[in-house]
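First the structure, in the form of structure tokens, and then the observations on it.
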Ligand SMILES: [Zn+2]
């Protein structure tokens, strides 16, 4: 059982910059599962992605769908070799299986995710753009919570209330 999560993402409609910041913030490995990592959009070409994402990016054509262009059944290029790489990566950190397709149900990344899960028990979560936005939004500090007095803050933050010493009374 691996405690890191196997994510999948179709990048259509997702800004590259959002994926980049999310990958860095959460420290995930983006595994590009496209057979050919080409795109009319330059930011989704493997050369550019490798440069921008650095150690957060790995193009793994072994997990590509050989039939991606001809509409034939999903045929993973080299499932054994590819799955092994992903399982090893998952021992270190969470992984995003990346493809272009918006709909995961008809994308080969669903097949790949299930192959990985069959090899090593792990949780699978299919990401959306909204999920990535959540990853990159910092948690609001308590300081911005409005109208909260010190006692409430102490309860929320676990900080002990300031102890107010009673005024000394002089006895004559
Ligand atoms: Zn796809």
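Computed over segment 5-136, relative contact order equals 41 percent, with contacts defined as Cα pairs under 8 Å that lie 6+ residues apart.
Computed on segment 5-136, the Cα convex hull volume stands at 95 Å³ per residue. Of all DSSP beta bridges confined to segment 5-136, the antiparallel ones make up roughly 5%. Extending 7 Å from the Cα toward the beta-carbon at both residue 38 and residue 73 defines two label points whose distance is 2.7 nm. Label separation (residue 81 vs residue 106): 3.0 nm, computed from points 7 Å beyond Cα along the C-beta direction. Highest mean first, the peptides 35-46, 74-85 sorted by other C-beta atoms within 10 Å per residue fall in the order 74-85, 35-46. Compared with the alpha-carbon gap, the fully stretched path from residue 135 to residue 120 is longer by 2.9 nm at 0.36 nm per residue.
Every number in this text was worked out from the coordinates using simple rules, so none of it is lab data. Just so it is clear, the model here is predicted, and its values are computed rather than measured. Cβ sites come from the backbone with ideal geometry, for glycine too, and all protein chains shown count toward neighbours.
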